[in-house]
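Let me begin by presenting the structure, written as structure tokens, before commenting on it.
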Amino acid sequence: MSDQLKVAVLYDVWGEEEKEEVDAADTGRKRKVKEDREEILDALTKLGHEPFYHVLDGRPQSLYGLGKCGADLIFNLTESYAGDDTKEMNVAAYMDLLGIVYTGAGPHAHFLAQDKGTAKKMFHFHGIRTPYFATAYRGNIDHAHDVKFPLIVKPQSEDGSIGIDAEAVVNGVKELMERVEYVQNEFDSPALIEEYIEGREIYAAILGSYEKTEVLPLVELDLSKLPVGT
Ligand SMILES: Nc1ncnc2c1ncn2[C@@H]1O[C@H](COP(=O)(O)OP(=O)(O)O)[C@@H](O)[C@H]1O
Ligand SMILES: [Mg+2]
């Protein structure tokens with residue numbers, strides 16, 4: 001492999017998002033904020049690589065095309081397939097079967113991370129501290145610490161803060177029961193009930209695995225501009 005790589009920046013679109021992409025391209029309209037994929041394409045170009053986009057649009061043709069795209073490496077930005085978040089791991093598994101080299105987690109890690117309850121149990125096993133929690137689904141409790149208010153109630157398997165808003169933080173039993181019911185009905189999902197941790201929010205990205213890991217510079221989410229009480 002030469003130093004200069006053909007890198008396919010892989011992302012997925014579906015439904016409304018797909019339509020917005022096409023509209024923007026048709027009208028030549030400029031979006032204000034650069035998408036992550038554009039930043040990544042620019043960075044790869046600056047580093048002397050040959051990046052190009054490959055889109056998974058939910059049609060099998062886009063999957064066949066991925067197998068034939070000729071990239072040395074896939075920069076995997078997909079988070080779902082055909083609008084289904086639970087298929088995120090299948091994209092990685094498909095690339096494994098094709099023998100394509102890609103960035104990011106493999107299918108097993110995607111599967112385990114999809115269920116926050118499972119992920120938290122694994123963190124605990126490895127001595128990584130995570131807020132005390134309980135899970136509830138239609139009267140069944142899979143696990144329960146002796147949690148203390150305030151609590152935050154979220155769907156067990158969503159991401160992107162879906163199902164988490166101001167109402168998600170509860171201070172009493174009535175609010176808690178109502179929010180658990182909301183999560184179950186709205187997302188057809190168990191509710192993860194977690195102790196609410198006050199404090200700063202810092203993101204740590206880790207590259208690699210096992211003994212070959214590198215922690216990238218920490219990034220803080222600036223919450224100072226939020227309205228009082230949120
Ligand atoms: N236990 C908690 N204590 C305080 N804030 C929380 C807690 N859990 C979630 N949040 C807030 O909600 C946001 C989204 O929660 P998170 O569990 O990361 O869900 P997602 O998978 O949707 O990103 C977090 O970035 C944080 O601001
Ligand atoms: Mg999060």
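Taking only DSSP H segments of four or more residues, each worth -39500 (n - 2.57), what value at 222 nm results for the chain once the sum is divided by all its residues, to the nearest 500 deg cm²/dmol? It would help to have the intermediate numbers written out before the result.
Details: 7 runs with 75 residues, N = 230.
It lands at -10000 deg cm²/dmol.
For the chain, a Gaussian network of Cα nodes joined below 10 Å ranks 112, 176, 47 by mean-square fluctuation, and the top entry is 47. Here the accessible area of the chain is 56 percent carbon and sulfur, with a 1.4 angstrom probe and all protein chains present. Helix 36-46 and the longest principal axis of the C-alpha atoms of the chain enclose an angle of approximately 40°.
Magnitude of the charge dipole for the chain, about its Cα centre and with charges confined to Cβ atoms of Lys, Arg (+1) and Asp, Glu (-1), is about 380 debye.
If you build a Gaussian network model of the chain, linking Cα atoms that sit under 10 Å apart, which residue out of 161, 209, 189 swings the most? Per the Cα network of the chain with a 10 Å cutoff, 209 tops the list.
Assuming R0 = 35 Å, what is the FRET efficiency of residue 159 and residue 4, from their Cβ-Cβ distance, to the nearest 0.05? Efficiency, rounded to the nearest 0.05: 0.55. Computed from Cα atoms, the angle from the helix 173-187 axis to the main principal axis of the chain rounds to 30 degrees. Among 86, 103, 213, the largest mean-square fluctuation in a Gaussian network model of the chain (Cα springs under 10 Å) belongs to 213. For the stretch 82-230, the solvent-accessible area of protein heavy atoms averages 69 Å² per residue (probe radius 1.4 Å; ligands and nucleic acids excluded).
When DSSP beta bridges are limited to those with both residues in the chain, what percentage is antiparallel, rounded to the nearest 5? In the chain, DSSP labels about 65 percent of beta bridges as antiparallel.
The values are calculated or read from the model by the stated rules, or taken from the named source; none is laboratory data. Not measured: the values here are computed from a predicted model. Glycine gets a Cβ as well: all are built from the backbone with ideal geometry, and neighbour counts include every protein chain shown. Heavy atoms of the whole protein, side chains included, go into the accessibility calculation; ligands, DNA and RNA do not. Shrake-Rupley method; radii C 1.70, N 1.55, O 1.52, S 1.80 Å.
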